[in-house]
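Accompanying notes for the structure given below.
The values are calculated or read from the model by the stated rules, or taken from the named source; none is laboratory data. This is a predicted model, so every value here is computed, not measured. As a convention, Cβ positions derive from the backbone with ideal geometry for all residues, glycine included, and neighbour counts pool all protein chains shown. With ligands, DNA and RNA removed, areas are computed over all heavy atoms of the protein, side chains included. Shrake-Rupley method; radii C 1.70, N 1.55, O 1.52, S 1.80 Å.
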Amino acid sequence: MAAEKKHNDEKSLDAFSSPVLDRIFSGDDPGVWNLPGGELVLPRVFGFCRGVKRALIMADKAVTAHTDGHKNGNLVLLGEIIHNPWVNDYFSRRGVKILTTDQCSSCVGRYVTREDTAIIPAFGVPLEIEQQLKQIGCDIIDCSCGDVIRLWRWSEKAVKDGFGVLIFGRAMHDETVVTKTRLAAAGGKYLVVENIEQVEKFTKMIADAHEAPDLREIFGPDATNTDSPSHFLTLAQVSQTTMLYNHTQKICEMILDVFVERFGKSAAKKQLMFQPTVCRATQDRQNAAVELCSSGCDLVIVVGGFGSSNTRHLHELAGKYAPSYLIEDAEAIQSPAQLTTYDGDSDDSVSIKDWLPAKRPLKIGVLAGASSPQVVVGQVLEKLAGFLK
Ligand code: SF4
């Protein structure tokens, strides 16, 4: 029975696999594609994580049940199942109706009926949407990742115990939007800080007991549900599951230092709680990316959706070692002279010239985020290999 289940699950993931990658990892030098003009090198861990695989298997089974005629109504996905355009297009082509964020946050009852089946993405949905779905009475397939759920549960408990919650993440990232709504529903106060500079502003506020700045003004209206820093003098800290692990360690030290400085060691111990919520899959991919990039690459290509937080962080890490380009798919590589890549300043795509160095042999590192399907990585590798023949 267990073997049969495994077989079925693997079948659900077949559409995302790549024979190119299978070949590269079964060769004498696993993870390396040697070519006359250089080598393409992959990290020891990359691509789909356990949470993403689970979500895709669940969604695939729902689609199969509908196409086999075992279920009526529409299959409605409440936002992107994961942050990868190829994967979302794949489900859309198979008849899944994908709601935009605006459609989800207005009134889900306009788009989902009792006969339908609603699919909740890997990063979950806000509590009020979950409640609306229950009222509608439709079938619900909940693909929320266990690591994300653990983050909600821990921080909701912290709220119950009287702590304000400091979230290290992007205020408008889907996962953090959901965390914020759940904390607000539990009666909690939250503040989202996106980077080390914002943590510095926060610690300065804690250090300066006499100032009473307006949090919304400093961090933006999406970052918090309170004006007053006083809610964070007893503080529980969590991170969006896909943040840079080394940054989370640094901000914990910064917060601990300022609390000890203001309140003393023993009071700080009672007033502070930290929970390491960057998930294992994110950490493993970041560690493997650093290993690969620090081995010396001429350039790094990162494959994944521009909206994927963990993919963008791989790109950020890689950029410390070599020129790094985040691309969505093989079509982004128009020629050795032209590439469409992610631009962090505009948070959009940009077309760049002469991205491929002329020197040979060339060592190109190829990374892929937890939401990047192998099939797309394989297509990118084939395209790059064409330049190293
Ligand atoms: S990256 Fe982490 S939190 Fe996100 S789906 Fe994968 S395991 Fe879950």
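Remarks
- Residues (open to solvent by less than 30 Å² (accessible area, probe 1.4 Å) and either of a type in the set (A, V, I, L, M) or under 16 Å from Leu78 (Cβ atoms) (or both)) located in region 140-158: Cys143, Ser144, Cys145, Val148, Leu151, Ala158
- Applying the condition of being in contact with a Pro (Cβ under 9 Å, 6 or more places away or on another chain) and within 16 Å of the ligand (Cβ to nearest atom) to region 84-109 and asking which residue is nearest to Leu151 (Cα to Cα) yields Asn84.
- In the set (1) within 19 Å of the chain's Cα centre (by Cα); (2) over 30 Å from Ile327 (Cβ atoms); (3) among the small types (Gly, Ala, Ser), Ser106 fails one condition alone, (1).
- Cβ-Cβ contacts under 9 Å between residues 6 or more apart (or on different chains), taken from a first residue in region 80-102 that is in a loop (DSSP other than H, G, I, E, B) and open to solvent by 60 Å² or more (accessible area, probe 1.4 Å) to a second residue that is at pLDDT 95 or above and among the charged types (D, E, K, R), are listed as Arg94/Asp60.
- In a residue-by-residue description of region 343-351, the property of being buried (at least 19 other Cβ atoms within 10 Å of the Cβ), in contact with a strand residue (DSSP E or B) (Cβ under 6 Å, 6 or more places away or on another chain) and outside any helix (DSSP H, G or I) applies to no position.
Each row is one residue, and each column tells you yes or no for (1) more than 16 Å from the ligand (Cβ to nearest atom); (2) aliphatic (A, V, I, L, M); (3) assigned by TED's automatic domain parsing to the domain that holds His66.
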position	(1), (2), (3)
Pro121	no, no, yes
Glu128	yes, no, yes
Ile136	yes, yes, yes
Ile141	no, yes, yes
Arg153	no, no, no
Lys157	yes, no, no
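- Residue in region 248-264 that is under 18 Å from Ile196 (Cβ atoms), within 16 Å of the ligand (Cβ to nearest atom) and in a helix (DSSP H, G or I) present: yes
- Selected residue (only one of Phe263, Phe306 is more than 30 Å from Ala212 (Cβ to Cβ), open to solvent by 20 Å² or more (accessible area, probe 1.4 Å) and hydrophobic (A, V, I, L, M, F, W, C)): Phe306
- Within region 273-293, the set of residues being open to solvent by 20 Å² or more (accessible area, probe 1.4 Å) and more than 10 Å from the ligand (Cβ to nearest atom) comprises Met273, Phe274, Gln275, Pro276, Asn287, Val290, Glu291.
- Residue match in region 223-232 (condition: without any contact (Cβ under 8 Å) to a residue 12 or more places away in the chain and either crowded, with 23+ Cβ neighbours inside 10 Å or under 27 Å from Leu314 (Cα atoms) (or both)): no
- Residue within region 159-166 that is farther than 15 Å from Leu235 by Cα and without any contact (Cβ under 8 Å) to a residue 40 or more places away in the chain present: no
- Residue under evaluation Val112, criteria (1) within 16 Å of the ligand (Cβ to nearest atom); (2) outside any strand (DSSP E or B); (3) not assigned by TED's automatic domain parsing to the domain that holds Ala370, criterion not met: (1)
- In the set Val302, Val350, only one residue is closer than 22 Å to Gly51 by Cα and modelled with pLDDT of 95 or more; that residue is Val302.
- Members of region 162-186 that are open to solvent by 60 Å² or more (accessible area, probe 1.4 Å), in a loop (DSSP other than H, G, I, E, B) and out of contact with any strand residue (DSSP E or B) (no Cβ under 8 Å at 6 or more places or on another chain): Met172
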